[in-house]
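Input: a single structure, listed below in structure tokens.
The values are calculated or read from the model by the stated rules, or taken from the named source; none is laboratory data. This one's a predicted model, so the numbers in the text were calculated from it and none came from an experiment. Virtual Cβ from ideal backbone geometry, glycine too; neighbours counted across all protein chains shown. Ligands, DNA and RNA are stripped out before the accessible areas are found, and what is left, the full protein with its side chains, is counted by its heavy atoms. Shrake-Rupley method; radii C 1.70, N 1.55, O 1.52, S 1.80 Å.
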Number of protein chains: 2
Amino acid sequence: MTKTTLKEIADILDLSISTVSKALKGYPDVSQQTKKRVLELTESLSYTPNTFAQSLRSRTSKTIGVIIPAMVHYFFSNIIDAILREAESRDYMVILMQSNEDAQLEKKQVDLLLKKGVDGILMSLSNKTHNFEHLQKIIDYNIPLVLFDKIAKLVPCSKVTIDDIKASYDAVQFLINKGHQRIAYFRGDLNPQNSIDRFLGYKKALEDNDIAFDPSLVYLCPDADFKDGYTAAEKLINDHGTSIDAVHSITDLTAIGAINYFNKKNIRIPEDIAVLGFSNWFMSSIITPTLSSVEQNAGKMGEESIRILFDEMDSKQKGMTIKHQKIVIDTQLVLRNSC
Amino acid sequence: MTKTTLKEIADILDLSISTVSKALKGYPDVSQQTKKRVLELTESLSYTPNTFAQSLRSRTSKTIGVIIPAMVHYFFSNIIDAILREAESRDYMVILMQSNEDAQLEKKQVDLLLKKGVDGILMSLSNKTHNFEHLQKIIDYNIPLVLFDKIAKLVPCSKVTIDDIKASYDAVQFLINKGHQRIAYFRGDLNPQNSIDRFLGYKKALEDNDIAFDPSLVYLCPDADFKDGYTAAEKLINDHGTSIDAVHSITDLTAIGAINYFNKKNIRIPEDIAVLGFSNWFMSSIITPTLSSVEQNAGKMGEESIRILFDEMDSKQKGMTIKHQKIVIDTQLVLRNSC
DNA sequence: TTGTATGCGTTATCAA
DNA sequence: TTGATAACGCATACAA
């Protein structure tokens with residue numbers, strides 16, 4: 001079984017290819033009767049146009065590319081979920097790639113997407129991406145680009161983020177309001193913007209409350225994973241005993257690692273040490289104790305990102321100038337039993 | 001900036017398009033010097049061929065389609081992870097779709113993939129898929145198809161699964177060896193094959209150990225989620241108090257729901273009730289108590305699935321007859337503190 | 001109202 | 001060793 005083409009239909013109906021094409025496209029200059037004959041036959045043969053030919057001619061692909069750092073990640077899988085739903089509803093396909101936090105690979109994947117002729121690109125950058133030539137290339141090619149979550153501030157394109165500074169600031173302020181003074185911070189990798197911003201939020205909250213910033217209370221969790229959190233908690237206790245009131249962490253997974261260590265050492269949460277995460281993973285609602293966190297609204301971020309992308313793609317098609325948008329998704333503190 | 005074409009290169013070098021094409025393809029009938037000139041220019045212009053034109057001509061797309069029931073799922077995101085890595089290494093792109101457990105949508109997505117001209121399709125069926133015409137359509141179009149995890153036994157194509165019967169059998173046998181006799185089962189939806197098989201494994205293990213099967217110990221968890229597990233545990237205790245020794249569950253998430261309920265009611269795990277899950281989610285290693293489970297090797301399943309798909313695609317290209325494969329991925333009991 | 005001709009970019013056959 | 005030409009399937013400007 002092979003795919004039907006316009007030519008076959010034209011031959012059967014003894015019409016020209018262009019007439020068949022016009023009938024299908026609903027052009028007015030086709031007789032009602034011819035149109036009907038064509039539609040009936042294409043229906044019964046379940047004809048669908050060859051998308052390669054269409055793309056070659058129209059220079060569009062009805063496809064968007066998405067690059068994320070990692071798939072196995074509650075936050076990103078939720079974002080992808082939202083993107084797939086929205087793309088689906090527009091009859092667009094999604095080509096998904098993951099950079100595995102590898103800047104080189106990310107660059108290669110951008111080339112692949114450009115080569116593949118996608119109509120737009122959604123990206124969340126790898127932590128190791130410090131050079132943005134590949135993003136500039138996308139822009140030079142005049143392909144709409146929307147960065148989300150892990151963005152590059154200086155690249156001229158639309159962006160969707162949360163306000164990481166404010167989110168962490170609010171989180172730490174909450175801990176302070178609760179009476180905590182010695183608040184440790186488990187920070188993420190040094191380079192990514194949102195890692196920096198969350199750290200700044202932490203520092204600013206201390207400052208605004210006249211609590212001296214103590215660098216010895218900051219623990220680096222470069223991979224921001226369970227193990228990093230566990231190890232950091234171990235170091236924290238070795239360094240400071242339980243003179244610490246609370247821990248705020250770059251992400252829930254590190255916080256959960258810390259909780260695990262504290263549980264193991266019979267350090268009570270929140271009585272001895274309060275713990276506050278970031279991202280509100282599903283997991284956080286079911287561990288013991290349940291973890292308070294910052295809800296990042298991944299679904300909304302995915303929806304907004306692809307909405308803006310479609311906006312830009314529409315504008316481009318209409319020949320309008322594209323205005324880049326910068327959306328900040330709101331966050332909420334989700335309180336549970338860990339603080 | 002627009003993409004370079006063969007014609008532009010030919011014009012610049014004052015050659016014909018076909019000579020340029022042949023030079024790039026490494027044909028022998030091009031002079032060394034010409035070849036060198038062409039390669040240097042294409043390099044400096046960073047020429048890449050237009051994939052639509054290539055696809056139109058070659059009738060291949062270097063793209064595979066993947067349909068899964070849900071993205072936000074530890075098991076599936078691990079499988080996708082493996083698929084993306086392997087496709088990447090072969091310079092293939094992956095179009096990803098999720099059926100959201102909706103048979104109608106799944107059918108539509110198959111049509112989209114066929115229309116899009118993918119070279120092969122990987123699918124894990126929705127729980128509600130009981131009609132397989134869309135799969136037959138893929139086969140009729142002569143597109144290689146590999147089903148994984150959620151398969152349809154009777155559809156003639158390659159399949160990658162685990163031995164669900166054996167996996168659950170072994171799990172229950174382990175509980176019995178530990179001395180448990182009154183073992184409840186939280187079963188999944190009634191229709192999916194692996195849900196059925198796991199249930200059969202449970203029954204068979206009881207039977208082989210001369211333990212009477214008691215239908216009142218089976219609780220239906222149609223969505224196999226946290227809430228279902230929590231509710232089932234609640235019912236279980238209401239129905240049977242703590243006369244039950246152990247619970248085996250269709251998946252970790254339901255088991256975790258149950259653990260949550262037991263913890264809340266101060267029912268001790270494993271002293272009062274042992275709990276044994278299925279799938280070995282990451283989460284299971286960090287809850288309290290840590291959950292014993294059946295490791296399903298998602299990564300391996302993803303790797304094998306796409307390996308077979310590439311096998312079939314290669315065979316098809318070479319005009320060889322395609323032999324369908326049936327791979328069973330091994331599983332292991334992962335013991336932790338819940339039983 | 002219908003049909004002819006052309007081009008999208010690449011590749012392969014055949015001629016020069 | 002190189003080039004002219006046709007074909008992949010579709011869509012449109014233009015001619016009939």
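Quick notes on this one:
- One residue stands out among those in segment A:15-26 that are within 7 Å of DNA strand C (Cβ to nearest atom) and within 16 Å of A:ARG57 (Cβ to Cβ): the one that is farthest from the other protein chains (Cβ to nearest Cβ), which is A:LYS22.
- Any hit, segment A:84-92, residues being assigned by TED's automatic domain parsing to the domain that holds A:GLY117, touching a residue at least 40 places away in the same chain (Cβ under 8 Å) and surrounded by fewer than 16 Cβ atoms within 10 Å (Cβ to Cβ): yes
- Hits in segment A:27-45 - residues which are modelled with pLDDT under 90 and either within 13 Å of DNA strand D (Cβ to nearest atom) or within 14 Å of chain B (Cβ to nearest Cβ) (or both): A:TYR27, A:PRO28, A:ASP29, A:VAL30, A:SER31
- Residue under evaluation B:THR48, criteria (1) hydroxyl-bearing (Ser, Thr, Tyr); (2) open to solvent by 30 Å² or more (accessible area, probe 1.4 Å); (3) more than 7 Å from chain A (Cβ to nearest Cβ), criterion not met: (3)
- Meets criteria (out of contact with any Pro (no Cβ under 7 Å at 6 or more places or on another chain), assigned by TED's automatic domain parsing to the domain that holds B:THR251 and without any contact (Cβ under 8 Å) to a residue 40 or more places away in the chain) for B:TYR169: yes
- Positions within segment B:59-75 being under 30 Å from A:LYS3 (Cβ atoms) and more than 8 Å from chain A (Cβ to nearest Cβ), in sequence order: B:ARG59, B:THR60, B:LYS62, B:ILE64, B:GLY65, B:VAL66, B:ILE67, B:ILE68, B:PRO69
- Selection within segment A:239-283: residues that are of a type in the set (S, T, N, Q) and open to solvent by 10 Å² or more (accessible area, probe 1.4 Å). The member of this set that is farthest from the other protein chains (Cβ to nearest Cβ) is A:SER243.
- Of the residues making up segment A:326-339, those that are surrounded by fewer than 16 Cβ atoms within 10 Å (Cβ to Cβ) and not hydrophobic (A, V, I, L, M, F, W, C) are A:LYS326, A:ASP330, A:GLN332, A:ASN337.
- Flag set for A:ILE306, criterion: touching an Asp or Glu at 6+ places or on another chain (Cβ under 8 Å), assigned by TED's automatic domain parsing to the domain that holds A:SER77, open to solvent by less than 10 Å² (accessible area, probe 1.4 Å) and farther than 21 Å from B:PHE282 by Cβ.
- B:THR42 within 27 Å of A:PHE52 (Cβ to Cβ) and within 12 Å of DNA strand C (Cβ to nearest atom): yes
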